[in-house]
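Undergrad: The structure is given below, and queries will be raised subsequently.
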Amino acid sequence: MKPPFCLFLAVIGLSVSCGPSPLPEQYQVKLPAAPSLWKELLGEPHWRLEWYDPSGKLHSTRFAGQGAANAGKIAVLTQWPSAVLAWPYWPEKALAPGMFYPAGALYPFDVRGESIVLSWTRGVDAYFYREMDKLRSLNQSNRTPEHFDWERFRSLLREEAPEDLRADPWLADWKDIAEKTVSSGFRKSLIKAEKRIVIRTTLPHNGPWIWSSPFKPPESGQKGEEIPLSLGAHPEYLASPGGVLCISQHNQVWAAW
């Protein structure tokens with residue numbers, strides 16, 4: 001997939017005329033609000049922010065609770081599309097960055113004036129970007145994230161993806177999709193939920209139970225109740241008022257707060 005270079009240049013405000021670039025040197029980071037039930041059960045999240053600097057080097061920093069108000073400004077890679085990721089975490093609950101899915105943005109598509117606006121929906125885009133970038137050394141062609149048609153990707157995910165994936169895009173295995181994109185090219189048929197199986201588990205605490213995806217509805221089971229859960233190949237996290245359950249198709253581990 002080739003990048004729409006003309007549109008890309010128009011979006012970031014460059015031209016072939018002489019004169020200084022109108023691009024800001026830094027962008028204010030605007031983080032999304034956490035889902036209300038996340039805040040109710042876990043409190044305001046801390047954030048681990050990750051981005052590519054103007055030289056293409058990956059940077060990261062962390063913000064305490066209420067990070068949306070303290071995120072500050074960052075200088076991002078502007079030569080081609082680049083990703084910004086914000087991982088929510090709760091250190092007092094031992095919920096580390098990476099256990100809950102991230103918010104994100106892509107430069108220049110999510111720039112608004114002198115701000116770069118992150119959202120939960122765009123967290124999928126930014127994560128997919130990072131997974132493709134990790135595979136760069138295996139890529140012998142232009143199948144890299146800066147050469148990817150992100151506008152077409154967003155349109156497909158928004159309008160043509162299966163209904164379950166439009167409701168919760170984290171049902172897809174984006175690492176696997178990135179590997180297939182880099183090895184053989186992107187195609188519409190890759191955008192689908194991974195195969196899942198239903199297991200039954202006995203809950204160790206009263207609900208509500210929140211998933212690590214901000215799009216997935218909570219479970220309402222109570223302690224001792226056996227409920228069905230649909231799980232993919234990778235472990236997932238369910239948090240309750242009393243602790244967190246790490247569960248896979250084959251095992252589960254309960255950790256009380």
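The values are calculated or read from the model by the stated rules, or taken from the named source; none is laboratory data. Please read all numbers here as calculations on a predicted model, not as lab measurements. Heads up, the Cβs are rebuilt from the backbone with ideal geometry, glycines too, and the neighbour counts pull from every protein chain shown. Heavy atoms of the whole protein, side chains included, go into the accessibility calculation; ligands, DNA and RNA do not. Shrake-Rupley method; radii C 1.70, N 1.55, O 1.52, S 1.80 Å.
Undergrad: What number of residues in the stretch 237-252 are more than 10 Å from PRO204 (Cβ to Cβ), open to solvent by 10 Å² or more (accessible area, probe 1.4 Å) and out of contact with any helix residue (DSSP H, G or I) (no Cβ under 8 Å at 6 or more places or on another chain)?
TA: 6
Undergrad: Among the residues of the stretch 38-58, how many are exposed (fewer than 15 other Cβ atoms within 10 Å of the Cβ), farther than 19 Å from ALA75 by Cα and not acidic (Asp, Glu)?
TA: Just the residues of the stretch 38-58 that are exposed (fewer than 15 other Cβ atoms within 10 Å of the Cβ), to begin with: 39-40, 43, 53-58.
Okay, now just the ones that are also farther than 19 Å from ALA75 by Cα, so 39-40, 43.
Remaining after also requiring not acidic (Asp, Glu): 39, 43.
Number satisfying all stated conditions: 2.
Undergrad: Only one of (1) open to solvent by 10 Å² or more (accessible area, probe 1.4 Å); (2) modelled with pLDDT under 95 fails for LYS223. Which number is that?
TA: (2)
Undergrad: Next question. Just the residues that are in a helix (DSSP H, G or I) and open to solvent by 70 Å² or more (accessible area, probe 1.4 Å), please, taken from the stretch 134-149.
TA: Once the filter is applied, which keeps residues that are in a helix (DSSP H, G or I) and open to solvent by 70 Å² or more (accessible area, probe 1.4 Å), the stretch 134-149 yields LYS134, ARG136, SER137, LEU138.
Undergrad: Still on this structure, I have one more. Filtering the stretch 157-210 down to residues that are closer than 20 Å to GLU236 by Cβ and among the β-branched types (Val, Ile, Thr), which residue is most open to solvent (accessible area, probe 1.4 Å)?
TA: In this case the residue turns out to be VAL198.
Undergrad: Okay, next question. When you look at LEU231, is it touching a Lys or Arg at 6+ places or on another chain (Cβ under 7 Å), open to solvent by 10 Å² or more (accessible area, probe 1.4 Å) and within 30 Å of PHE148 (Cβ to Cβ), yes or no? Write out each step before concluding.
TA: On the way: touching a Lys or Arg at 6+ places or on another chain (Cβ under 7 Å): yes; open to solvent by 10 Å² or more (accessible area, probe 1.4 Å): no; within 30 Å of PHE148 (Cβ to Cβ): yes.
Judged against the criteria, LEU231 is not a match.
Undergrad: Something else now. Let me spell it out: the conditions are (1) buried (at least 22 other Cβ atoms within 10 Å of the Cβ); (2) assigned to a helix (DSSP H, G or I), and ILE116 meets all of them except one. Which number is the exception?
TA: Condition (2) is where ILE116 drops out.
Undergrad: Something else: Kindly indicate which of TRP87, TRP80 is among the aromatic types (Phe, Trp, Tyr) and buried (at least 20 other Cβ atoms within 10 Å of the Cβ).
TA: Only one candidate passes the filter, namely TRP87.
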